[in-house]
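*Asks:* Take a look at this one; I'll ask things after.
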Amino acid sequence: MNSVEDRQGYYRNSNVRARIHEFLGATKDQEPSCEFVAAGDENASPPFAPYSPRALSSLLDRGFEICRSLWDRDVLIADFDIEYVNFDNPAEAFVDPEHVFAIQQPVVETIEQLLREYGIKPLHVLSGRGHHFVWRIEQSSDEFEKLSALGRGPSSLWECETEVHPPNNRAVPIELARAFAGLGLVIEFLAHRVKQIAAPHTEIPVELTAVEVGPSKHDRAMISIDISEYGDPLYSREVRVPFSVYLKPWQQAWAFDVGALAKLQPLFAIPLQGINWRQGISTMREAQLTVKLAACASSEIPDATPGTRKLLRAYEKSKLAKFHADFYSQEQHSAELWPETYDRQPLEVLPACARVALEMPNDLLLRPAFIRRLVRVMLALGWHPRHIAGLICSKYGRDFDWTQFVNVDPATRADFYTRVFSGLFAVGTDDLVDFNCASAQEQGTCTFSNCGFNLRNFRESALERRAHDKLAHRPFNRLLLSSKHP
(Lines give C-alpha, C1' and ligand atoms only; values in the text may rest on other atoms or scores of the structure.)
Protein backbone atom coordinates (compact mmCIF):
# COMPACT_ATOMS: atom_id res chain seq x y z
CA MET A 1 0.00 0.00 0.00
CA ASN A 2 3.02 2.27 0.30
CA SER A 3 3.54 2.30 -3.46
CA VAL A 4 2.13 4.97 -5.76
CA GLU A 5 0.04 2.31 -7.48
CA ASP A 6 -1.53 1.21 -4.19
CA ARG A 7 -2.38 4.80 -3.27
CA GLN A 8 -3.92 5.37 -6.68
CA GLY A 9 -6.05 2.25 -6.24
CA TYR A 10 -7.20 3.42 -2.80
CA TYR A 11 -8.26 6.80 -4.17
CA ARG A 12 -10.43 5.16 -6.85
CA ASN A 13 -12.98 4.29 -4.16
CA SER A 14 -16.04 6.50 -4.66
CA ASN A 15 -16.76 6.85 -0.92
CA VAL A 16 -13.21 7.99 -0.22
CA ARG A 17 -13.52 10.65 -2.90
CA ALA A 18 -16.94 11.72 -1.61
CA ARG A 19 -15.61 12.20 1.92
CA ILE A 20 -12.66 14.24 0.66
CA HIS A 21 -15.02 16.48 -1.34
CA GLU A 22 -17.15 16.97 1.80
CA PHE A 23 -14.21 18.32 3.75
CA LEU A 24 -13.40 20.75 0.94
CA GLY A 25 -16.85 22.30 1.34
CA ALA A 26 -18.43 20.73 -1.74
CA THR A 27 -22.11 19.79 -1.91
CA LYS A 28 -24.27 18.24 -4.61
CA ASP A 29 -25.06 21.71 -5.89
CA GLN A 30 -21.84 23.56 -5.13
CA GLU A 31 -18.18 23.32 -5.97
CA PRO A 32 -15.68 23.21 -3.08
CA SER A 33 -15.66 26.42 -1.03
CA CYS A 34 -12.00 26.12 -0.03
CA GLU A 35 -9.75 28.53 -1.88
CA PHE A 36 -7.19 25.89 -2.77
CA VAL A 37 -6.01 22.36 -2.15
CA ALA A 38 -2.39 21.50 -1.49
CA ALA A 39 -0.74 18.24 -2.41
CA GLY A 40 2.56 16.41 -2.45
CA ASP A 41 4.07 12.95 -2.65
CA GLU A 42 6.58 11.16 -0.44
CA ASN A 43 9.40 13.24 -1.87
CA ALA A 44 7.76 16.55 -0.90
CA SER A 45 7.48 18.20 2.47
CA PRO A 46 4.77 20.55 3.79
CA PRO A 47 3.72 23.19 3.05
CA PHE A 48 2.72 21.71 -0.28
CA ALA A 49 2.18 23.57 -3.53
CA PRO A 50 -1.34 25.05 -3.89
CA TYR A 51 -3.69 23.92 -6.65
CA SER A 52 -7.17 24.91 -7.71
CA PRO A 53 -9.80 22.57 -6.21
CA ARG A 54 -10.64 21.67 -9.79
CA ALA A 55 -7.33 19.80 -9.92
CA LEU A 56 -8.34 17.44 -7.11
CA SER A 57 -9.15 14.43 -9.31
CA SER A 58 -5.81 14.57 -11.07
CA LEU A 59 -3.99 14.92 -7.73
CA LEU A 60 -5.79 11.85 -6.37
CA ASP A 61 -4.96 9.98 -9.56
CA ARG A 62 -1.30 10.66 -8.81
CA GLY A 63 -1.60 9.22 -5.29
CA PHE A 64 -0.79 12.49 -3.53
CA GLU A 65 -1.35 13.46 0.08
CA ILE A 66 -4.08 16.12 0.18
CA CYS A 67 -4.57 19.19 2.37
CA ARG A 68 -7.11 21.98 2.07
CA SER A 69 -6.73 25.68 2.66
CA LEU A 70 -8.02 27.16 5.88
CA TRP A 71 -9.01 30.03 3.62
CA ASP A 72 -12.64 29.42 2.64
CA ARG A 73 -14.92 31.63 0.59
CA ASP A 74 -18.06 31.02 2.70
CA VAL A 75 -16.96 30.28 6.27
CA LEU A 76 -14.17 30.79 8.78
CA ILE A 77 -12.48 27.49 9.62
CA ALA A 78 -11.33 26.83 13.20
CA ASP A 79 -8.67 24.15 13.71
CA PHE A 80 -7.45 23.10 17.16
CA ASP A 81 -4.48 20.78 16.86
CA ILE A 82 -2.49 18.70 19.34
CA GLU A 83 0.37 16.33 18.59
CA TYR A 84 3.02 14.26 20.28
CA VAL A 85 6.60 15.46 19.80
CA ASN A 86 9.70 13.52 20.81
CA PHE A 87 12.89 15.52 20.27
CA ASP A 88 15.11 12.47 20.82
CA ASN A 89 13.08 9.92 18.85
CA PRO A 90 10.95 11.63 16.17
CA ALA A 91 9.78 8.30 14.75
CA GLU A 92 8.20 7.07 18.00
CA ALA A 93 4.69 8.25 17.13
CA PHE A 94 4.66 6.00 14.08
CA VAL A 95 6.36 2.90 15.48
CA ASP A 96 4.63 2.86 18.89
CA PRO A 97 1.23 4.50 18.30
CA GLU A 98 -0.55 2.71 21.17
CA HIS A 99 1.72 4.38 23.71
CA VAL A 100 1.83 7.74 21.96
CA PHE A 101 -1.94 8.13 21.63
CA ALA A 102 -2.63 6.76 25.13
CA ILE A 103 -0.39 9.43 26.63
CA GLN A 104 -2.39 12.15 24.84
CA GLN A 105 -5.76 11.00 26.16
CA PRO A 106 -6.01 13.37 29.17
CA VAL A 107 -5.52 16.29 26.79
CA VAL A 108 -8.02 14.90 24.27
CA GLU A 109 -10.63 14.36 26.96
CA THR A 110 -10.09 17.88 28.28
CA ILE A 111 -10.58 19.36 24.80
CA GLU A 112 -13.74 17.36 24.24
CA GLN A 113 -15.13 18.38 27.63
CA LEU A 114 -14.41 22.07 27.12
CA LEU A 115 -15.84 22.14 23.61
CA ARG A 116 -19.01 20.42 24.90
CA GLU A 117 -19.33 23.11 27.56
CA TYR A 118 -19.17 25.77 24.86
CA GLY A 119 -21.63 23.89 22.66
CA ILE A 120 -19.06 23.17 19.93
CA LYS A 121 -19.28 19.77 18.22
CA PRO A 122 -16.19 19.60 16.01
CA LEU A 123 -15.08 17.10 13.43
CA HIS A 124 -12.47 15.05 15.29
CA VAL A 125 -9.71 13.93 12.93
CA LEU A 126 -6.95 11.48 13.83
CA SER A 127 -3.62 12.09 12.13
CA GLY A 128 -0.24 10.37 12.36
CA ARG A 129 0.94 12.07 15.57
CA GLY A 130 -2.18 13.53 17.12
CA HIS A 131 -5.62 15.05 16.75
CA HIS A 132 -7.38 17.89 14.96
CA PHE A 133 -10.70 19.39 16.10
CA VAL A 134 -12.26 21.32 13.24
CA TRP A 135 -15.38 23.45 13.01
CA ARG A 136 -16.73 26.37 11.01
CA ILE A 137 -18.16 29.83 11.69
CA GLU A 138 -20.48 31.35 9.12
CA GLN A 139 -19.13 34.56 7.58
CA SER A 140 -22.63 36.04 7.64
CA SER A 141 -22.86 35.70 11.45
CA ASP A 142 -22.50 38.18 14.29
CA GLU A 143 -19.75 35.94 15.69
CA PHE A 144 -17.71 36.40 12.53
CA GLU A 145 -18.10 40.18 12.83
CA LYS A 146 -16.95 40.08 16.45
CA LEU A 147 -13.91 37.99 15.55
CA SER A 148 -13.07 40.39 12.75
CA ALA A 149 -13.30 43.33 15.17
CA LEU A 150 -10.93 41.48 17.54
CA GLY A 151 -8.32 40.85 14.88
CA ARG A 152 -4.95 42.49 15.63
CA GLY A 153 -1.61 42.38 13.92
CA PRO A 154 1.16 44.42 12.35
CA SER A 155 0.35 46.42 9.22
CA SER A 156 2.51 44.02 7.20
CA LEU A 157 0.00 41.23 7.92
CA TRP A 158 -2.89 43.06 6.27
CA GLU A 159 -0.65 44.12 3.39
CA CYS A 160 0.39 40.57 2.54
CA GLU A 161 -3.11 39.14 3.04
CA THR A 162 -4.61 41.59 0.55
CA GLU A 163 -2.06 40.86 -2.18
CA VAL A 164 -3.14 38.35 -4.84
CA HIS A 165 -2.14 34.77 -4.14
CA PRO A 166 -1.86 31.56 -6.15
CA PRO A 167 -3.41 29.51 -7.50
CA ASN A 168 -6.44 31.71 -8.23
CA ASN A 169 -4.79 35.15 -8.05
CA ARG A 170 -7.21 36.37 -5.40
CA ALA A 171 -6.67 38.41 -2.24
CA VAL A 172 -7.99 37.48 1.19
CA PRO A 173 -10.89 39.82 2.04
CA ILE A 174 -9.70 42.07 4.85
CA GLU A 175 -12.68 41.14 7.07
CA LEU A 176 -11.77 37.46 6.72
CA ALA A 177 -8.08 38.14 7.39
CA ARG A 178 -8.96 40.02 10.55
CA ALA A 179 -11.45 37.35 11.65
CA PHE A 180 -8.74 34.70 11.35
CA ALA A 181 -6.42 36.86 13.48
CA GLY A 182 -9.22 37.35 16.02
CA LEU A 183 -9.91 33.62 16.03
CA GLY A 184 -6.23 33.10 16.85
CA LEU A 185 -6.64 35.10 20.07
CA VAL A 186 -9.67 33.05 21.09
CA ILE A 187 -7.96 29.76 20.22
CA GLU A 188 -5.02 30.90 22.37
CA PHE A 189 -7.47 31.30 25.27
CA LEU A 190 -8.80 27.79 24.65
CA ALA A 191 -5.24 26.46 24.61
CA HIS A 192 -4.60 28.08 28.01
CA ARG A 193 -7.63 26.35 29.48
CA VAL A 194 -6.62 22.98 28.04
CA LYS A 195 -3.10 23.30 29.44
CA GLN A 196 -4.32 24.40 32.87
CA ILE A 197 -6.76 21.49 33.19
CA ALA A 198 -4.91 18.67 31.44
CA ALA A 199 -1.23 19.22 32.28
CA PRO A 200 -1.50 17.97 35.90
CA HIS A 201 -2.85 14.65 34.57
CA THR A 202 -0.31 13.87 31.85
CA GLU A 203 2.93 11.92 32.12
CA ILE A 204 4.83 14.42 29.98
CA PRO A 205 4.72 18.23 29.64
CA VAL A 206 1.90 19.97 27.78
CA GLU A 207 3.07 23.13 26.05
CA LEU A 208 1.79 25.67 23.56
CA THR A 209 3.75 24.95 20.35
CA ALA A 210 6.68 22.52 20.11
CA VAL A 211 8.90 23.83 22.92
CA GLU A 212 11.92 21.69 23.74
CA VAL A 213 11.55 20.10 27.16
CA GLY A 214 13.77 18.21 29.56
CA PRO A 215 14.06 14.43 29.62
CA SER A 216 11.70 12.07 31.37
CA LYS A 217 11.25 8.33 31.10
CA HIS A 218 9.86 9.17 27.67
CA ASP A 219 12.98 10.99 26.47
CA ARG A 220 12.56 14.69 25.70
CA ALA A 221 8.92 14.21 24.80
CA MET A 222 5.94 16.53 25.10
CA ILE A 223 2.39 17.16 23.92
CA SER A 224 2.20 20.24 21.75
CA ILE A 225 -0.99 22.28 21.63
CA ASP A 226 0.01 23.43 18.19
CA ILE A 227 -1.67 26.77 17.57
CA SER A 228 1.22 28.00 15.40
CA GLU A 229 -1.01 28.23 12.31
CA TYR A 230 -2.47 31.37 13.90
CA GLY A 231 0.98 32.96 13.74
CA ASP A 232 0.88 33.11 9.95
CA PRO A 233 -1.31 34.77 7.33
CA LEU A 234 -4.51 32.91 6.48
CA TYR A 235 -3.61 32.58 2.81
CA SER A 236 -0.60 30.40 3.68
CA ARG A 237 -2.17 27.83 6.00
CA GLU A 238 -3.68 24.44 5.28
CA VAL A 239 -5.02 21.43 7.14
CA ARG A 240 -4.76 17.74 6.25
CA VAL A 241 -7.90 16.24 4.68
CA PRO A 242 -9.63 13.21 6.26
CA PHE A 243 -9.23 10.07 4.15
CA SER A 244 -6.11 11.45 2.52
CA VAL A 245 -3.06 9.22 2.58
CA TYR A 246 -0.60 10.38 5.26
CA LEU A 247 2.99 10.47 4.01
CA LYS A 248 4.89 12.35 6.71
CA PRO A 249 7.08 9.39 7.79
CA TRP A 250 8.33 8.95 4.24
CA GLN A 251 8.76 12.70 3.82
CA GLN A 252 10.87 12.67 7.01
CA ALA A 253 12.81 9.51 6.28
CA TRP A 254 15.82 10.98 8.10
CA ALA A 255 14.03 10.27 11.41
CA PHE A 256 13.80 6.52 10.76
CA ASP A 257 16.03 3.54 10.69
CA VAL A 258 15.87 2.25 7.11
CA GLY A 259 14.58 -1.13 8.24
CA ALA A 260 11.88 0.41 10.44
CA LEU A 261 10.61 2.63 7.62
CA ALA A 262 10.41 -0.35 5.27
CA LYS A 263 8.18 -2.18 7.79
CA LEU A 264 5.90 0.80 8.43
CA GLN A 265 2.25 0.28 7.55
CA PRO A 266 0.40 2.73 5.30
CA LEU A 267 -1.24 5.64 7.07
CA PHE A 268 -4.42 7.63 6.47
CA ALA A 269 -6.00 10.62 8.21
CA ILE A 270 -9.44 9.59 9.46
CA PRO A 271 -12.38 11.07 11.37
CA LEU A 272 -13.09 9.43 14.73
CA GLN A 273 -16.75 8.60 14.16
CA GLY A 274 -18.30 5.45 15.59
CA ILE A 275 -14.90 4.20 16.72
CA ASN A 276 -12.63 4.97 19.66
CA TRP A 277 -9.02 6.05 19.44
CA ARG A 278 -7.63 2.52 19.74
CA GLN A 279 -9.82 1.37 16.88
CA GLY A 280 -8.80 4.51 15.07
CA ILE A 281 -5.06 3.83 15.16
CA SER A 282 -5.76 0.35 13.75
CA THR A 283 -8.16 1.63 11.10
CA MET A 284 -5.80 4.35 9.88
CA ARG A 285 -3.15 1.69 9.21
CA GLU A 286 -5.32 -0.53 7.05
CA ALA A 287 -6.63 0.59 3.64
CA GLN A 288 -9.62 -1.75 3.69
CA LEU A 289 -10.74 -0.57 7.12
CA THR A 290 -10.31 3.06 6.08
CA VAL A 291 -12.40 2.45 2.95
CA LYS A 292 -15.05 0.78 5.12
CA LEU A 293 -15.11 3.82 7.41
CA ALA A 294 -15.51 6.12 4.40
CA ALA A 295 -18.77 4.35 3.56
CA CYS A 296 -20.42 5.36 6.85
CA ALA A 297 -18.58 8.37 8.28
CA SER A 298 -18.87 12.05 7.38
CA SER A 299 -16.10 14.55 6.69
CA GLU A 300 -18.33 17.61 6.64
CA ILE A 301 -16.98 20.40 8.84
CA PRO A 302 -19.72 21.11 11.42
CA ASP A 303 -21.24 24.55 11.85
CA ALA A 304 -20.41 25.65 15.40
CA THR A 305 -21.31 29.33 15.07
CA PRO A 306 -23.56 29.37 18.18
CA GLY A 307 -20.97 27.55 20.27
CA THR A 308 -18.29 29.97 19.12
CA ARG A 309 -20.45 32.76 20.57
CA LYS A 310 -20.18 31.18 24.03
CA LEU A 311 -16.42 30.68 23.62
CA LEU A 312 -16.08 34.31 22.56
CA ARG A 313 -17.91 35.52 25.64
CA ALA A 314 -15.64 33.48 27.90
CA TYR A 315 -12.59 34.91 26.17
CA GLU A 316 -13.83 38.49 26.45
CA LYS A 317 -14.13 38.10 30.24
CA SER A 318 -10.71 36.51 30.64
CA LYS A 319 -7.39 37.82 31.92
CA LEU A 320 -5.89 36.82 28.60
CA ALA A 321 -8.17 39.21 26.69
CA LYS A 322 -6.99 42.02 28.97
CA PHE A 323 -3.38 41.01 28.33
CA HIS A 324 -3.97 40.97 24.56
CA ALA A 325 -5.36 44.49 24.74
CA ASP A 326 -2.26 45.61 26.62
CA PHE A 327 0.04 43.77 24.23
CA TYR A 328 -1.36 45.63 21.23
CA SER A 329 -1.55 48.96 23.07
CA GLN A 330 2.11 49.58 22.15
CA GLU A 331 3.49 50.25 18.68
CA GLN A 332 6.83 48.79 17.76
CA HIS A 333 9.62 50.95 16.43
CA SER A 334 9.97 51.09 12.67
CA ALA A 335 13.00 49.71 10.87
CA GLU A 336 14.37 53.23 10.46
CA LEU A 337 14.58 53.55 14.24
CA TRP A 338 16.12 50.16 14.99
CA PRO A 339 19.69 51.55 15.21
CA GLU A 340 18.49 53.96 17.92
CA THR A 341 16.29 51.50 19.78
CA TYR A 342 16.39 47.71 19.54
CA ASP A 343 20.00 47.61 18.32
CA ARG A 344 21.14 49.45 21.44
CA GLN A 345 20.18 46.69 23.83
CA PRO A 346 23.52 45.75 25.45
CA LEU A 347 23.99 42.04 24.94
CA GLU A 348 26.44 41.71 27.80
CA VAL A 349 23.62 42.08 30.35
CA LEU A 350 21.87 39.00 28.96
CA PRO A 351 22.66 35.44 30.01
CA ALA A 352 24.56 33.57 27.31
CA CYS A 353 21.68 31.19 26.54
CA ALA A 354 19.46 34.19 25.66
CA ARG A 355 22.16 36.34 24.10
CA VAL A 356 23.15 33.62 21.62
CA ALA A 357 19.69 33.74 20.02
CA LEU A 358 20.27 37.41 19.12
CA GLU A 359 23.81 36.74 17.96
CA MET A 360 22.88 33.66 15.89
CA PRO A 361 19.21 34.21 15.04
CA ASN A 362 19.23 31.73 12.16
CA ASP A 363 18.13 29.25 13.30
CA LEU A 364 17.90 29.86 17.05
CA LEU A 365 15.22 32.57 16.80
CA LEU A 366 13.11 30.13 14.82
CA ARG A 367 13.05 27.61 17.67
CA PRO A 368 10.22 28.19 20.17
CA ALA A 369 12.36 27.24 23.19
CA PHE A 370 14.93 29.96 22.42
CA ILE A 371 12.22 32.53 21.73
CA ARG A 372 10.57 31.68 25.03
CA ARG A 373 13.78 32.10 26.99
CA LEU A 374 14.51 35.45 25.37
CA VAL A 375 10.94 36.59 26.13
CA ARG A 376 11.29 35.56 29.77
CA VAL A 377 14.62 37.31 30.19
CA MET A 378 13.39 40.54 28.62
CA LEU A 379 10.23 40.48 30.74
CA ALA A 380 12.46 40.19 33.79
CA LEU A 381 14.33 43.28 32.61
CA GLY A 382 11.12 45.29 32.32
CA TRP A 383 10.51 45.25 28.58
CA HIS A 384 7.00 45.57 27.22
CA PRO A 385 6.06 42.35 25.35
CA ARG A 386 5.28 44.17 22.11
CA HIS A 387 8.79 45.61 22.10
CA ILE A 388 10.24 42.17 22.77
CA ALA A 389 8.43 41.16 19.58
CA GLY A 390 9.94 44.23 17.93
CA LEU A 391 13.42 43.16 19.02
CA ILE A 392 12.87 39.72 17.50
CA CYS A 393 11.40 41.23 14.34
CA SER A 394 14.47 43.46 14.02
CA LYS A 395 16.50 40.26 13.62
CA TYR A 396 14.00 38.67 11.25
CA GLY A 397 14.20 41.84 9.14
CA ARG A 398 17.97 41.59 8.61
CA ASP A 399 19.87 39.41 6.17
CA PHE A 400 20.84 36.30 8.11
CA ASP A 401 20.43 34.03 5.08
CA TRP A 402 16.84 33.24 6.00
CA THR A 403 15.21 30.58 3.85
CA GLN A 404 12.26 29.91 6.14
CA PHE A 405 10.22 33.06 5.52
CA VAL A 406 8.33 31.89 2.45
CA ASN A 407 4.58 32.58 2.73
CA VAL A 408 5.31 33.93 6.21
CA ASP A 409 5.08 37.44 7.57
CA PRO A 410 8.08 37.79 9.93
CA ALA A 411 6.48 40.56 12.01
CA THR A 412 3.35 38.45 12.57
CA ARG A 413 5.48 35.45 13.50
CA ALA A 414 7.44 37.56 16.02
CA ASP A 415 4.22 38.96 17.49
CA PHE A 416 2.68 35.51 17.78
CA TYR A 417 5.44 33.71 19.68
CA THR A 418 6.14 36.67 21.95
CA ARG A 419 2.44 37.10 22.69
CA VAL A 420 1.94 33.41 23.45
CA PHE A 421 4.91 33.06 25.80
CA SER A 422 4.49 36.40 27.58
CA GLY A 423 0.74 35.83 27.86
CA LEU A 424 1.20 32.45 29.52
CA PHE A 425 3.31 34.14 32.19
CA ALA A 426 1.31 37.34 32.55
CA VAL A 427 -1.98 35.59 33.34
CA GLY A 428 -0.42 32.96 35.62
CA THR A 429 -0.67 29.87 33.41
CA ASP A 430 3.13 29.69 33.42
CA ASP A 431 5.00 30.18 36.71
CA LEU A 432 8.43 29.70 35.10
CA VAL A 433 9.18 26.48 36.99
CA ASP A 434 11.65 25.43 34.27
CA PHE A 435 13.28 28.87 33.97
CA ASN A 436 16.60 27.89 35.51
CA CYS A 437 20.03 26.85 34.31
CA ALA A 438 19.65 23.14 35.10
CA SER A 439 16.45 22.89 33.06
CA ALA A 440 17.99 24.79 30.16
CA GLN A 441 20.83 22.29 30.03
CA GLU A 442 18.45 19.33 30.30
CA GLN A 443 16.40 20.73 27.42
CA GLY A 444 19.52 20.86 25.28
CA THR A 445 19.14 24.60 24.76
CA CYS A 446 22.15 25.69 26.80
CA THR A 447 25.64 24.32 26.30
CA PHE A 448 27.48 26.90 28.42
CA SER A 449 29.10 25.36 31.50
CA ASN A 450 29.42 28.67 33.36
CA CYS A 451 28.48 31.93 31.68
CA GLY A 452 28.47 33.94 34.92
CA PHE A 453 24.67 34.31 35.01
CA ASN A 454 22.00 32.49 36.97
CA LEU A 455 18.58 32.27 35.32
CA ARG A 456 17.02 31.95 38.76
CA ASN A 457 17.75 35.65 39.35
CA PHE A 458 15.80 36.54 36.21
CA ARG A 459 12.98 34.24 37.27
CA GLU A 460 12.74 35.95 40.66
CA SER A 461 12.71 39.36 39.00
CA ALA A 462 9.93 38.38 36.61
CA LEU A 463 7.82 36.87 39.38
CA GLU A 464 8.34 39.96 41.53
CA ARG A 465 7.24 42.21 38.68
CA ARG A 466 4.13 40.13 38.09
CA ALA A 467 3.24 40.05 41.77
CA HIS A 468 3.44 43.85 42.02
CA ASP A 469 1.92 44.62 38.63
CA LYS A 470 5.22 45.94 37.31
CA LEU A 471 5.58 43.94 34.12
CA ALA A 472 6.65 46.28 31.31
CA HIS A 473 7.32 48.84 34.03
CA ARG A 474 10.07 50.66 32.18
CA PRO A 475 8.89 52.70 29.20
CA PHE A 476 10.81 52.16 26.00
CA ASN A 477 11.28 55.70 24.74
CA ARG A 478 13.63 54.98 21.85
CA LEU A 479 16.43 54.93 24.41
CA LEU A 480 18.71 52.31 25.80
CA LEU A 481 17.12 50.29 28.59
CA SER A 482 19.02 50.37 31.84
CA SER A 483 21.42 47.48 32.09
CA LYS A 484 21.07 47.44 35.86
CA HIS A 485 19.33 44.29 36.96
CA PRO A 486 15.97 45.05 38.63
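*Asks:* In the chain, which helices (entire DSSP H runs) extend 20 Å or more along their own long axis, judged by Cα positions, while averaging at least -1.0 on the Kyte-Doolittle scale?
*Replies:* Length and hydropathy pass: 97-118, 174-198, 410-426.
*Asks:* Over the chain, what is the mean sequence separation of C-alpha contacts under 8 Å (at least six apart), divided by residue count, expressed as relative contact order in percent?
*Replies:* 18 percent
*Asks:* If we sort 449-457, 129-137, 3-11 on the protection proxy, mean other Cβ atoms within 10 Å, highest first, what's the order?
*Replies:* My ranking of the peptides, most packed first, is 129-137, 3-11, 449-457.
*Asks:* Further, regarding this structure: Pop a pseudo-label 7 angstrom from the Cα along the beta-carbon direction at both GLU31 and ALA438 and give the gap in nm to one decimal.
*Replies:* 6.2 nm
*Asks:* Now for a different question. Tell me the label-point distance for the pair VAL406, LYS292, using the 7 Å Cα-to-Cβ offset, in nm and rounded to one decimal.
*Replies:* 4.1 nm
*Asks:* If you count only protein heavy atoms with a 1.4 Å probe, what accessible area per residue comes out for the range 187-229, rounded to a whole Å²?
*Replies:* Values: 1360 Å² over 43 residues.
Computed with neighbouring chains in place, this is 32 Å² per residue.
*Asks:* Which whole-number percentage describes the relative contact order of the range 144-291, with Cα contacts under 8 Å and a sequence gap of 6 or more? All intermediate terms of the calculation are to be shown ahead of the outcome.
*Replies:* Working: 170 pairs, mean separation 23.8, N = 148.
Averaging sequence separation for qualifying contacts and normalising by length gives 16 percent for the range 144-291.
*Asks:* Please give the per residue accessible area of the range 346-486, computed with a probe of 1.4 Å over protein heavy atoms only, in Å².
*Replies:* 42 Å²
*Asks:* Now a separate question. Which of rounded, prolate, oblate describes the range 200-283, given a ≥ b ≥ c as roots of the alpha-carbon gyration tensor eigenvalues and a/c under 1.5 marking rounded, otherwise prolate only if a/b is larger than b/c?
*Replies:* It comes out rounded by the Cα gyration axes.
*Asks:* List residues of the range 155-170, by number, whose backbone nitrogen lies under 20 Å from a label position 7 Å along Cα→C-beta of ALA44.
*Replies:* 165-170
*Asks:* Assuming R0 = 25 Å, what is the FRET efficiency of GLU145 and LYS322, from their Cβ-Cβ distance, to the nearest 0.05?
*Replies:* Calculated transfer efficiency: 0.70.
*Asks:* Where the accessible area of the chain is counted over protein heavy atoms with a 1.4 Å probe, how much of it, in %, is carbon and sulfur? Provide the component values of the computation, followed by the final result.
*Replies:* Values: 9380 of 19930 Å².
Taking all protein chains in place, the chain shows 47 percent carbon and sulfur surface.
*Asks:* Only one of the values [x] 90, 56, 44; [y] 68, 49, 44; [z] 63, 56, 44 was calculated from this structure for Cα extents along the principal axes in Å; name its label.
*Replies:* [y]
*Asks:* Per residue, what accessible area does the range 3-110 have, given a 1.4 Å probe and all protein chains present, in Å²?
*Replies:* Using a 1.4 Å probe on heavy atoms only, each residue of the range 3-110 averages 38 Å².
*Asks:* Under 19 Å from a point placed 7 Å out from the Cα of ASP469 along the Cα-to-Cβ direction: which residues of the range 317-336 have their backbone N that close?
*Replies:* Flagged as within label range: 317-330.
*Asks:* Starting from the Cα of LYS319, draw a straight line to each of the lysines and keep only those under 20 Å, dropping any in the same chain fewer than 8 residues away.
*Replies:* LYS146, LYS195, LYS310, LYS470
*Asks:* If I model a spin label as a point 7 Å beyond the Cα along the Cα-Cβ vector, how far apart are those points for ALA314 and ASP431 in nm?
*Replies:* Going by the 7 Å Cα→Cβ label model, 2.3 nm.
The values are calculated or read from the model by the stated rules, or taken from the named source; none is laboratory data. In this text the structure is predicted, and so the values were computed from the model without any measurement. Quick reminder, even Gly has a Cβ in these numbers, built from the backbone with ideal geometry, and neighbours come from all protein chains shown. Keep in mind that these areas ignore ligands, DNA and RNA; they rest on the heavy atoms of the full protein, side chains included. Shrake-Rupley method; radii C 1.70, N 1.55, O 1.52, S 1.80 Å.
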